[in-house]
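The block underneath contains the structure these notes are about, expressed in C-alpha cells.
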Amino acid sequence: MVTRDGVRLTKINPAYMTQLLSDMADDQEGVRFKITSLEPLNPLNAADDWEREALFAFESGAREYAGLVEEGGRETFRCQDRGHDRSERRFG
C-alpha cells in the first residue's frame, strides 16, 4: 500500500503489532502486555496460570482482573482487561 505522498506502508497483523508495541514498552518502561486466549491461534499467546484465572473470570462476567503476584522474586502488579470481542466493535 502506498500513500498519495509515495510512502510505502505495510499491513501488520494486530496481534503482531501488539507484540511489537509490548516489546517497545518493556524496553522503555518495563511494562509488558499481550493478547491471550484459552484457545490461542499462536502458541506464544497461550495463557499462563494467572491469565487463565482471569479468562475464566471474564467468562463469568468480570470486566477486568487484577492483583499483586510474586514473579521472579519480586512483587508485580498484573492487570488483565477482557477487551472487546469482534461482535462489540462499532465503527462510524
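The values are calculated or read from the model by the stated rules, or taken from the named source; none is laboratory data. Here the structure is a predicted model, which is why all the values come from computation and not from measurement. We place every Cβ from the backbone using ideal geometry, glycine too, and count neighbours over all the protein chains shown.
Of the residues making up region 60-75, those that are modelled with pLDDT of 90 or more and surrounded by 10 or more Cβ atoms within 10 Å (Cβ to Cβ) number 6. If you go through region 1-44 and pick out every residue that is within 16 Å of Arg78 (Cβ to Cβ) and either in a helix (DSSP H, G or I) or free of Cβ contacts under 8 Å to residues at least 12 places away in the same chain (or both), you end up with 7.
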